[in-house]
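Okay, structure first, notes after.
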Amino acid sequence: MKKVLAFLLVPLSYLMFPPLTYAHCPLCVAGAAVGLSLSRWLGVDDSITGLWLAGLMGAVSFWSYTFLVRKIKKTNWTFLKPLVYIAIFSLTLWSFYKFNLVITMEKMYGLHKLTFGIVVGGIAFYLIDVVNDLIMKVHGKSLFPFQRIVFSLGVILALSIFDYIWIGYYL
């Protein structure tokens, strides 16, 4: 009887006292990674793929920053956040060019389409995180549940729609 009770109480304790959660859930990021893997096969434009890839890299960089801050136990090292962000984006772009993953025939505003999408999406993703931090600082909490995810996905989705219309009708 004690084993059955322990078997039931342990999962129940995790539901009643959940562990610390992160701003970007791993399942969402994994789903985005799978979707990005299929994007070329489905014929999605590289600039739109770059926007979503920037969101994925942004989430990974925020996780890396959180991990580093916890590991070194210095919570006041806010300068590290943009450095980790830039490092992950730079290393990813470097590896894309190193291993010829960027199609060099098509360009937008002088940049390869994938690079353009990554740069624009990366800037937008970081700025929306700054806005989220500002909102939480001013109000002391989120305005609504899952605010970070809704704002991040909303901005990337809006940029994707804008990019699709811009490419389809103006370029």
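Taken together, the values in this text are just the output of simple stated rules run on the coordinates, not laboratory data. Since we're looking at a predicted model, the values are computed, not measured. Glycine gets a Cβ as well: all are built from the backbone with ideal geometry, and neighbour counts include every protein chain shown.
If you go through the range 36-91 and pick out every residue that is among the small types (Gly, Ala, Ser) and surrounded by 15 or more Cβ atoms within 10 Å (Cβ to Cβ), you end up with 9. Residues in the range 115-123 include none that are part of a loop (DSSP other than H, G, I, E, B), of a type in the set (Val, Ile, Thr) and at negative phi. Residue selection: Thr78 fails the criterion of being of a type in the set (Ser, Thr, Tyr) and closer than 26 Å to Ser39 by Cβ. Pairs are defined by a Cβ separation below 8 Å, a sequence spacing of at least 6 or placement on different chains, a first member in the range 60-86 that is touching a residue at least 24 places away in the same chain (Cβ under 8 Å) and under 20 Å from Phe125 (Cα atoms), and a second member that is among the aliphatic types (A, V, I, L, M) and part of a helix (DSSP H, G or I); the pairs so defined are Val60/Val29; Val60/Ile88; Ser61/Val84; Ser61/Ala87; Ser61/Ile88; Ser64/Val84; Ser64/Ile88. What number goes with the only condition from (1) surrounded by fewer than 17 Cβ atoms within 10 Å (Cβ to Cβ); (2) touching a helix residue (DSSP H, G or I) at 6+ places or on another chain (Cβ under 9 Å); (3) within 22 Å of Phe67 (Cα to Cα); (4) hydrophobic (A, V, I, L, M, F, W, C) that Phe125 does not pass? Just one mismatch for Phe125, condition (1).
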